[in-house]
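Here the structure is laid out as structure tokens; the discussion comes afterwards.
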2 protein chains.
Amino acid sequence: MELFYSRDIEGGICRLDQDESGHCVKVLRHRNGDEIAVIDGCGTLYRCRMTSDSPKGVEAMVLSCEENWGAHPYRLHMAVCPTKNNDRYEWFAEKACEIGLDEISPVIGEHSERRVFKTARIEKILVSAAKQSLKASVPVVHEPVTVREFILEHGRRSFAGAQDDRLLLIAYCFEDENVPRRSIKEVLEGYEGQDIIVLIGPEGDFSKAEAELALANGFIPVHLGPSRLRTETAALSAVSAAYFRMISME
Amino acid sequence: MELFYSRDIEGGICRLDQDESGHCVKVLRHRNGDEIAVIDGCGTLYRCRMTSDSPKGVEAMVLSCEENWGAHPYRLHMAVCPTKNNDRYEWFAEKACEIGLDEISPVIGEHSERRVFKTARIEKILVSAAKQSLKASVPVVHEPVTVREFILEHGRRSFAGAQDDRLLLIAYCFEDENVPRRSIKEVLEGYEGQDIIVLIGPEGDFSKAEAELALANGFIPVHLGPSRLRTETAALSAVSAAYFRMISME
């Protein structure tokens with residue numbers, strides 16, 4: 001099934017941008033009258049009939065739409081420090097999107113080697129991953145913030161709503177410390193909500209101060225088992241653990 | 001911690017090949033008398049003292065050794081069809097090794113697009129992944145066989161031992177069929193053994209005949225949840241599911 005992506009769907013008219021239009025008309029040779037399927041990146045699939053087959057700007061008439069198409073039954077926000085090589089972060093993003101992910105926050109830790117992060121490329125990768133894995137929702141990539149800023153923004157203390165049933169997790173080694181950690185699987189098994197945030201540190205781990213701030217703001221320290229995982233592998237393992245837990249609740 | 005890899009450890013003498021020797025002497029500037037740590041790829045870590053610092057062939061005297069160093073408490077054999085792009089198979093191998101893997105069998109299905117597979121490159125990747133994730137055991141990569149051959153070799157019917165407590169799984173869609181499938185997580189939760197084999201099909205899935213042969217040979221059909229995963233993502237998710245299950249038994 002071939003999916004197109006458009007942010008410009010209004011009043012029953014869907015417009016594809018130049019890239020998508022070229023792919024639709026030049027590569028796939030679609031013509032006026034053809035039916036195409038378009039995702040809006042926000043969870044809705046639109047079935048449309050083409051009314052203009054210009055390779056510069058395809059237009060189509062919306063025939064029907066389906067909300068929450070290909071959606072997973074929970075919300076997962078991964079806050080992951082940039083990896084030394086960008087391509088490792090990119091495949092994490094692609095795979096996490098295939099499995100089930102809603103938001104990515106690149107977070108810069110005190111021990112992070114890479115302190116700059118470009119979100120544009122990741123966004124492109126997430127759009128193709130969503131299309132490829134038949135999801136109408138494309139995960140949101142936030143602009144980079146420091147670990148400290150992320151914790152203060154998303155921690156329990158800053159929660160505005162009535163009741164906070166989010167699960168806040170931080171994967172931290174706490175080497176040479178006696179902070180009791182439970183396995184992420186065990187903590188997930190005990191969780192009955194649907195809204196999970198996971199903090200994954202840089203190769204050099206979080207600083208002690210960052211970890212203490214996270215705990216003070218309601219993040220639960222978890223470990224990912226005995227294996228020594230790279231940042232992107234740890235992050236993807238957490239995505240899998242959350243996925244298998246949450247689908248087993250259906 | 002810097003690890004070297006050698007298959008040539010005998011009579012208390014460890015020899016590094018030319019690549020490893022060059023890295024040891026030219027890059028890391030180790031000299032006679034230095035202590036180095038060497039894995040044999042079979043599960044043992046050797047602490048050695050260098051007696052020759054030739055960049056062509058380092059020799060070292062074994063001081064002590066540690067068996068099952070960085071080992072995981074189970075055996076996992078992944079039989080995975082080649083992906084269209086080799087690099088996708090390569091990252092699966094790297095990540096699976098980091099998390100916990102013992103054997104990889106590239107299997108060629110009736111619906112496989114790629115029918116050739118070079119094991120040499122994957123072996124190199126697995127050696128670096130094992131070193132990087134501090135494991136003394138490097139997963140074994142078998143030569144490619146057909147899915148049919150793999151099933152006949154590893155299925156229940158061919159089992160020679162006294163009691164077969166292996167868990168044999170096949171991830172198959174069984175679209176348009178009424179074969180009941182359980183989630184891989186659910187099946188793993190009910191498993192008390194330590195020896196798991198998982199069959200992961202090509203993009204075009206297994207053929208009906210392959211799936212029936214697998215079931216007839218004791219493979220349990222499992223699904224990986226509602227998400228539509230690429231071959232390599234499905235394979236890595238299965239590795240994570242097995243990992244989180246088996247470490248939770250410790």
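Inter-copy label distances at B:GLN163, shortest first and taken from points set 7 Å along Cα to Cβ: 4.8 nm.
Excluding ligands, DNA and RNA, the accessible surface per residue across region B:4-66 is 52 Å² with a 1.4 Å probe.
Give the average, rounded to an integer, of partner chain Cβ atoms located within 10 angstrom of each Cβ in A:215-227. Don't jump to the answer; show the numbers that get you there.
On the way: counts 0, 0, 0, 0, 0, 0, 0, 0, 1, 5, 10, 8, 11.
Going residue by residue through A:215-227 and averaging, the value is 3.
I'd like the carbon and sulfur percentage of the solvent accessible area for region B:179-248, probe radius 1.4 Å, heavy atoms only, ligands and nucleic acids excluded.
Numbers: 1090 of 2250 Å².
It is 49 percent, rounded to a whole number.
Run through the DSSP bridge list for the protein assembly as shown and note the antiparallel percent, rounded to the nearest 5. Roughly 40 percent of the beta bridges in the protein assembly as shown run antiparallel, per DSSP. Assign one of three labels to region A:24-107, namely rounded, prolate or oblate, based on the Cα gyration tensor with a ≥ b ≥ c the square roots of its eigenvalues; rounded applies when a/c is under 1.5, prolate when it is not and a/b is larger than b/c, and oblate otherwise. Cα axes put region A:24-107 in the oblate bin.
Under 26 Å of direct C-alpha separation, and excluding same-chain neighbours fewer than eight residues apart, B:LYS118 reaches these lysines: A:LYS95, B:LYS84, B:LYS95, B:LYS131, B:LYS135. Can you list the residues of region A:228-247 that have at least 10 square angstrom less accessible area with all protein chains present than in their chain by itself, probe 1.4 Å? Listed by number, the residues meeting the 10 Å² cut-off are A:ARG228, A:LEU229, A:ARG230, A:THR233, A:LEU236, A:SER237, A:SER240, A:ALA241, A:TYR243, A:PHE244, A:ILE247. Cα centroids of region B:135-189 and region A:205-223: 40 Å apart.
According to the square roots a ≥ b ≥ c of the eigenvalues of the Cα gyration tensor, what is the shape class of region A:4-66, taking rounded for a/c under 1.5, prolate for a/b larger than b/c otherwise, and oblate for the remainder? Could the numbers behind the result be given before it?
Values: a/c = 1.75, a/b = 1.43, b/c = 1.22.
Prolate, because a/c is 1.5 or more and a/b exceeds b/c.
Residue of chain A with the smallest Cβ distance to the axis mapping A onto B, distance rounded to whole Å: A:SER240, 2. Mean-square fluctuations from a GNM of chain A, with a 10 angstrom spring cutoff on Cα atoms, peak among A:ILE104, A:ILE39, A:ILE125 at A:ILE125.
Spatially, region A:43-71 and region A:80-133 are offset by 27 Å when compared through their Cα centroids. Dipole magnitude for chain A: about 440 debye, using +1 per Lys or Arg Cβ and -1 per Asp or Glu Cβ, origin at the Cα centre.
With θ taken as phi - 60° and the Karplus curve 6.51 cos²θ - 1.76 cosθ + 1.60 applied, the whole-hertz 3J(HN,Hα) list for region A:13-28 is 10, 10, 10, 9, 6, 4, 4, 5, 5, x, 4, 5, 8, 7, 7, 8 Hz, x standing for glycine and proline. Note that region A:118-250 presents 44 Å² accessible area per residue, ligands and nucleic acids not counted, probe 1.4 Å.
With a 1.4 Å probe on protein heavy atoms only, work out how much accessible surface B and A bury together, total over both chains, in Å² to the nearest 100.
Values: alone 12470 and 12470 Å², together 22150 Å².
About 2800 Å² of accessible surface is lost on pairing.
When only the Cβ of Lys, Arg, Asp and Glu is charged (+1, +1, -1, -1), the dipole of the protein assembly as shown relative to its Cα centre reaches about 720 debye. Across the copies of the chain, A:MET61 has label points (7 Å from Cα along Cα→Cβ) spaced 8.9 nm apart, shortest distance listed first.
Between identical copies, the spacing of A:VAL27 label points, each set 7 Å from Cα toward the C-beta atom, reads 3.7 nm from nearest to farthest. Placing unit charges on each Cβ (+1 for Lys and Arg, -1 for Asp and Glu) gives chain B a dipole about its Cα centre, and among B:HIS23, B:HIS223, B:VAL239 the Cα reaching farthest toward its positive end belongs to B:HIS23. Only protein chains counted, 1.4 angstrom probe. Which residues of region B:77-104 are at least 20 Å² less accessible in the assembly than when their chain is isolated? The answer is B:ARG88, B:TRP91, B:GLU94, B:LYS95, B:GLU98, B:ILE99. Each Lys and Arg Cβ is given +1 and each Asp and Glu Cβ -1; about its Cα centre, region B:129-202 then shows a dipole of about 260 debye. Oblate is the label for region B:66-202, because a/c, from the alpha-carbon gyration tensor with a ≥ b ≥ c as root eigenvalues, is 1.5 or above and a/b does not exceed b/c.
The values are calculated or read from the model by the stated rules, or taken from the named source; none is laboratory data. The structure presented is a predicted model; accordingly, all values stated were derived computationally and were not measured. Cβ atoms come from the backbone with ideal geometry, glycine included; neighbour counts cover every protein chain shown. Ligands, DNA and RNA are stripped out before the accessible areas are found, and what is left, the full protein with its side chains, is counted by its heavy atoms. Shrake-Rupley method; radii C 1.70, N 1.55, O 1.52, S 1.80 Å.
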